[in-house]
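K.L.:
One structure, as structure tokens, below. Some questions next.
The values are calculated or read from the model by the stated rules, or taken from the named source; none is laboratory data. For clarity, every value in this text was computed on a predicted model and none was experimentally measured. Note: ideal-geometry Cβ built from the backbone for every residue, glycine included; neighbour counts use all protein chains shown. Surface accessibility is based on the protein's heavy atoms, side chains included, excluding ligands, DNA and RNA. Shrake-Rupley method; radii C 1.70, N 1.55, O 1.52, S 1.80 Å.
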Amino acid sequence: MPGFWHGVGMWNEADAIAARVAEAQLGLIHRRDLRDSGISDAAIQRRLCKGLLVRRRPGVYAYAGTPEFARQRILADILSIDSDALLSHNSAAHEWKLISMSPRVPHVVVRRWNREHRSSCLVHESLDLIPADRSAVDGLPITSAVRTVVDLGATSPWLVERALGTGLRLELFTVEQVQKFVKRVARRGRRGVGVIRPLLDLHNSIQGRTESVLEDRFLRVLFESEIELPELQFEVFDNAGLFVCRADFAYPRRGVLIELDGRSYHSDSVAFQRDRDKQNRTQELGWTTLRFTWDDVHRRPDHVAATVLAVLA
């Protein structure tokens, strides 16, 4: 805590306790935490006058000498709303790396919100917020990954599919954990639950784990078209038992392999040639290979479903 005390003539046990709290909060401390440390409102004011404390937001302070930086400013906004407020929804999804886009205005969730109080954040109220929903990422108080992926459905339903698949791949949660959370919070009018339920049904039907957002979307196209789901990451061997390749998906009993080509697929000539060699080799072994691009899956899902169905039939 060297930066907190340099050149300041006030030091006692209450400040030492408060400083430890501030260290865990990127150098910030809420007025309630100061009181809990044994520092009264009058003593807070004296420390402000003497320069020991610096006001960063209403009710939020830093000890003198504490540097200011971007993440600390986000935390100051959160703490100024409520000392128990949490970064949530799109903002939390970005911090958990569930989505790549960071919202322009931070999303924050609280149990009760005084609407007369102005804030630079987008504030959500939640009556089902409990301590188990609380987590932290790099010093920011944040909703748990499980809660975040469900809450995301209330603000950006189109991102939930991506966030759920990414969270499963990053092992931030399991399908069972998300289902348990949904069961806990589900009620009439609870936003986000209706968006994620069919996606959970899809992932319960999958044997294995997807490896990309594109694979998630492809399986959803099949699932919504009521087409039998394929095996994932299927390994092909030749008649001598030697490994030939691994396909994104396969229907082994039908002799069908399916490969997906992402947006950057044609930018790598080595990968392009390797995949053509792989396709020729599997063709020699009697496999039929279907290839779909990112545009196919996202912009022509009916075409994708019809093609797969025709080959299987």
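K.L.:
Output the qualifying pairs, or none if there are none: Cβ atoms under 7 angstrom, residues six or more apart or on different chains, first residue in the range 213-226 and within 21 Å of residue 98 (Cβ to Cβ) and of a type in the set (A, V, I, L, M), second residue in a helix (DSSP H, G or I) and open to solvent by 50 Å² or more (accessible area, probe 1.4 Å).
P.N.:
213/162; 214/294
K.L.:
Tell me the residue from 211, 259, 215 that is open to solvent by less than 40 Å² (accessible area, probe 1.4 Å), within 18 Å of residue 165 (Cβ to Cβ) and not hydroxyl-bearing (Ser, Thr, Tyr), please. Let's see the steps before the verdict.
P.N.:
On the way: 211 fails: open to solvent by less than 40 Å² (accessible area, probe 1.4 Å); 259 fails: within 18 Å of residue 165 (Cβ to Cβ).
Sole residue among the options that is open to solvent by less than 40 Å² (accessible area, probe 1.4 Å), within 18 Å of residue 165 (Cβ to Cβ) and not hydroxyl-bearing (Ser, Thr, Tyr): 215.
K.L.:
Something else now. Does the range 169-185 hold any residues that are under 22 Å from residue 91 (Cα atoms), in contact (Cβ under 8 Å) with a residue 24 or more places away in the chain and of a type in the set (D, E, K, R), and which are they?
P.N.:
169
Conditions (1) open to solvent by 40 Å² or more (accessible area, probe 1.4 Å); (2) on the phi > 0 side of the Ramachandran plot; (3) not basic (Lys, Arg), marked per residue:
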position	(1), (2), (3)
44	no, no, yes
47	no, no, no
53	no, no, yes
57	yes, no, no
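K.L.:
Quick one: count up the residues across the range 169-185 that are in a helix (DSSP H, G or I) and open to solvent by less than 70 Å² (accessible area, probe 1.4 Å).
P.N.:
Keep residues of the range 169-185 that are in a helix (DSSP H, G or I), which gives 169, 175-185.
When the remaining residues are screened for being open to solvent by less than 70 Å² (accessible area, probe 1.4 Å), the result is 169, 175, 178-179, 181-182, 185.
Looking only at that region, the number is 7.
K.L.:
Considering (1) touching a residue at least 12 places away in the same chain (Cβ under 8 Å); (2) farther than 26 Å from residue 313 by Cα, say which one residue 241 fails and leave the rest.
P.N.:
Of everything listed in (1) touching a residue at least 12 places away in the same chain (Cβ under 8 Å); (2) farther than 26 Å from residue 313 by Cα, residue 241 misses just condition (1).
K.L.:
Can you go through 281, 276, 188 and tell me which one is free of Cβ contacts under 8 Å to residues at least 24 places away in the same chain, over 21 Å from the mean Cα position of the chain (by Cα) and assigned to a helix (DSSP H, G or I)? Break it down into steps so the answer makes sense when it comes.
P.N.:
Details: 281 fails: free of Cβ contacts under 8 Å to residues at least 24 places away in the same chain; 188 fails: assigned to a helix (DSSP H, G or I).
One residue alone meets the criteria, 276.
Here's the yes/no breakdown for (1) closer than 23 Å to residue 90 by Cβ; (2) over 17 Å from the mean Cα position of the chain (by Cα); (3) among the aromatic types (Phe, Trp, Tyr); (4) assigned to a helix (DSSP H, G or I):
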position	(1), (2), (3), (4)
167	yes, no, no, yes
194	yes, yes, no, yes
198	yes, yes, no, yes
202	yes, yes, no, yes
207	no, yes, no, no
216	yes, no, no, yes
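K.L.:
From the list 98, 34, which one is assigned to a loop (DSSP other than H, G, I, E, B) and of a type in the set (A, V, I, L, M, F, W, C)? Walk me through how you get there before you give the answer.
P.N.:
On the way: 34 fails: assigned to a loop (DSSP other than H, G, I, E, B).
Going through 98, 34 in turn, the sole match is 98.
K.L.:
What number of residues within the range 77-106 are modelled with pLDDT under 95 and either more than 15 Å from residue 138 (Cβ to Cβ) or open to solvent by less than 20 Å² (accessible area, probe 1.4 Å) (or both)? First the steps, then the outcome.
P.N.:
Keep residues of the range 77-106 that are modelled with pLDDT under 95, which gives 77-85, 100-106.
Still in the running and either more than 15 Å from residue 138 (Cβ to Cβ) or open to solvent by less than 20 Å² (accessible area, probe 1.4 Å) (or both): 77-85, 100-101, 103-105.
Within the range 77-106, residues that are modelled with pLDDT under 95 and either more than 15 Å from residue 138 (Cβ to Cβ) or open to solvent by less than 20 Å² (accessible area, probe 1.4 Å) (or both) number 14.
K.L.:
Hey, any hits in the range 182-193 for a residue that's in contact with a Pro (Cβ under 9 Å, 6 or more places away or on another chain), more than 28 Å from residue 291 (Cα to Cα) and not charged (D, E, K, R)?
P.N.:
Looking for residues that are in contact with a Pro (Cβ under 9 Å, 6 or more places away or on another chain), more than 28 Å from residue 291 (Cα to Cα) and not charged (D, E, K, R), one finds at least one in the range 182-193, hence yes.
K.L.:
Out of curiosity, is residue 70 open to solvent by less than 30 Å² (accessible area, probe 1.4 Å) and either within 23 Å of residue 138 (Cβ to Cβ) or among the β-branched types (Val, Ile, Thr) (or both)? Even if it seems obvious, please write down each step before you answer.
P.N.:
On the way: open to solvent by less than 30 Å² (accessible area, probe 1.4 Å): no; either within 23 Å of residue 138 (Cβ to Cβ) or among the β-branched types (Val, Ile, Thr) (or both): yes.
Spelling it out, it is not the case that residue 70 is open to solvent by less than 30 Å² (accessible area, probe 1.4 Å) and either within 23 Å of residue 138 (Cβ to Cβ) or among the β-branched types (Val, Ile, Thr) (or both).
Yes/no matrix, rows are residues, columns are (1) at pLDDT 85 or above; (2) closer than 27 Å to residue 158 by Cα; (3) of a type in the set (A, V, I, L, M, F, W, C):
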{"position": "222", "(1), (2), (3)": "yes, yes, yes"}
{"position": "225", "(1), (2), (3)": "yes, yes, no"}
{"position": "230", "(1), (2), (3)": "yes, yes, no"}
{"position": "259", "(1), (2), (3)": "yes, yes, no"}
{"position": "272", "(1), (2), (3)": "no, no, yes"}
{"position": "277", "(1), (2), (3)": "no, no, no"}
{"position": "284", "(1), (2), (3)": "yes, no, no"}
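K.L.:
Moving on to the next point. Could you please give the count of residues in the range 175-212 that are touching a helix residue (DSSP H, G or I) at 6+ places or on another chain (Cβ under 9 Å) and within 26 Å of residue 259 (Cα to Cα)?
P.N.:
Count: 14.
K.L.:
Failed condition for residue 113, given (1) open to solvent by 20 Å² or more (accessible area, probe 1.4 Å); (2) in a helix (DSSP H, G or I); (3) of a type outside the set (S, T, N, Q), with all others met?
P.N.:
(2)
K.L.:
Which residues, counting only those in the range 116-128, are open to solvent by 40 Å² or more (accessible area, probe 1.4 Å), among the acidic types (Asp, Glu) and part of a loop (DSSP other than H, G, I, E, B)?
P.N.:
Restricting attention to the range 116-128, the residues satisfying the condition of being open to solvent by 40 Å² or more (accessible area, probe 1.4 Å) are 116-120, 122, 125, 127.
Of the ones still in play, those that are also among the acidic types (Asp, Glu) are 116, 125.
Hit for the range 116-128 is 116, nothing else.
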